[in-house]
Amino acid sequence: MTAPTILPPVLAIDGPTASGKGTVAQRVAHALGFHYLDSGALYRLTAVAAHQRQVDLDDGSAVAPVAAALSARFTHDGRILLDGQDATDAIRTEVAGQGASRVAVHPAVRAALLDLQRQFRQHPGLVADGRDMATVVFPDAQLKVFLTASAESRAQRRYKQLIEKGISANLAALLQGLQERDARDMSRASAPLAAAKDAFVLDSTHLDIEQTVAKVLELWSSHRSPVTQTP
Ligand code: CDP
């Protein structure tokens, strides 16, 4: 008889665009000594790869093979490579974000990225951030957090982020783009953006990053469920 396998624990953080989940998830992963999955980066990489191959982003059957064959590498120093080329900055533009949200509506694209995302579940544990971490990719996560904030404060944060990076930005346009992306992410048929029934909803409108990280770590200490055993 083989010994039961203990699956590494998962802390899932889902939420709308610019809710701060990426920064919060990375810091929480660091504090726990866990691996980190930026699932949005995979959708962004798929959009950029499809664009490079002149594939129509709205054609799911054409984009799915691009997602299935995605050659992505996350380096230890935080760089993201696509086909061996540094794509770290290229995938962070608003255009790539909009492209990601377009390719993400296709069920075949989502299915093509499923295994790749689950491969990130390694010991001693994983913090995964996205839209459907708690609902689809890791439904057995030990803790599910849905991180949100008002659209205005999210637009402000994104604006500050871009300006700090030396990228020019327009607040009104950002707010509009963010609301469009939210609407598309929430209304799509496949894995729409929504809090899992068993998720803790955390509104960070009036919290800074440190306070939000502290809150998530507090939830992890006090509310995580026991790790799963598979026979
Ligand atoms: O950083 P931001 O929240 O703006 O975006 P992201 O997390 O990088 O995700 C980019 C887009 O990918 C989102 O607008 C979603 O449409 C899609 N996405 C998804 O559908 N499912 C995920 N698990 C992650 C991202």
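The values are calculated or read from the model by the stated rules, or taken from the named source; none is laboratory data. These numbers were taken from a predicted model, which means no experiment stands behind them. Note that each Cβ is placed from the backbone with ideal geometry, even for glycine, and that neighbours are counted across all protein chains shown. The protein model used for the area step is the full one, side chains on, heavy atoms only, and it has no ligands, DNA or RNA in it. Shrake-Rupley method; radii C 1.70, N 1.55, O 1.52, S 1.80 Å.
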**Prompt:** By how many nm would the segment from LEU171 to LYS197 lengthen if fully extended, with 0.36 nm per residue of separation less the alpha-carbon distance?
**Reply:** 6.1 nm
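If you keep only loop residues by DSSP, which trypsin sites (Lys or Arg not before Pro) in the range 62-136 have at most 15 other Cβ atoms within 10 Å of their Cβ?
Details: sites: ARG73, ARG79, ARG92, ARG102, ARG110, ARG118, ARG121, ARG131; in loops: ARG79, ARG121, ARG131.
For trypsin sites (Lys or Arg not before Pro) across the range 62-136 that sit outside H, G, I, E and B with at most 15 neighbouring Cβ atoms in 10 Å, the list reads ARG79.
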**Message:** Using the basic label-point model (7 angstrom from Cα toward the beta carbon), what is the ARG79 to LEU217 distance in nanometres?
**Reply:** 3.0
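Hey, could you get me the Stokes-Einstein D for the range 1-137, Kirkwood radius over alpha-carbon pairs, 4 °C and 1.567 mPa s, rounded to whole µm² s⁻¹? Walk me through the numbers on the way to the answer.
Working: Rh = 15.4 Å.
Answer from the Stokes-Einstein relation: 84 µm²/s.
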**Asked** What does the accessible area per residue of the range 92-177 come to in Å², with a 1.4 Å probe and no ligands, DNA or RNA counted?
**Response** 45
**Item:** Hull-based mean projected area of the chain, where the convex hull spans the alpha carbons, in square nanometres
**Value:** 13.3
**Request:** Starting from the Cα of LYS160, draw a straight line to each of the lysines and keep only those under 22 Å, dropping any in the same chain fewer than 8 residues away.
**Result:** LYS21
**Request:** Please list HIS223, HIS51, HIS106 in order of solvent-accessible area, largest first, computed with a 1.4 Å probe with all protein chains present.
**Result:** HIS51, HIS223, HIS106
**Relative contact order of the range 13-103, pairs being alpha-carbon contacts under 8 Å that are 6 or more residues apart, as %** = 27
**Complete:** The set of residues whose placed amide H lies less than 5 Å from the amide H of THR148, leaving out same-chain residues fewer than 5 positions away, is LEU202, ASP203, SER204
**Asked** Which loop-located trypsin sites (Lys or Arg not before Pro) does the range 171-231 contain, where loop means any DSSP state but H, G, I, E or B and the Cβ has at most 13 other Cβ atoms within 10 Å?
**Response** LYS197
**Message:** I need the P(r) histogram for the range 1-66: all alpha carbon pairs, bin width 10 Å from 0 out to the longest distance, whole percents.
**Reply:** 17, 32, 26, 20, 5, 0
**Request:** Summarise the accessible area of the range 23-144 (1.4 Å probe, protein heavy atoms) by the percent that is carbon and sulfur.
**Result:** 52
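Counting only heavy atoms of protein chains, what accessible area per residue, in Å², does the range 12-65 have with a probe of 1.4 Å?
Working: 2050 Å² over 54 residues.
Ligands and nucleic acids excluded, the figure is 38 Å² per residue.
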**Backbone HN-Hα couplings from phi across the range 132-140 [Karplus 6.51/-1.76/1.60, Hz, Gly and Pro as x]** = 10, 4, 7, 8, 10, 6, 10, x, 9
**Asked** So, in Å, what gap is there between the alpha-carbon centers of the range 144-198 and the range 23-42?
**Response** 18
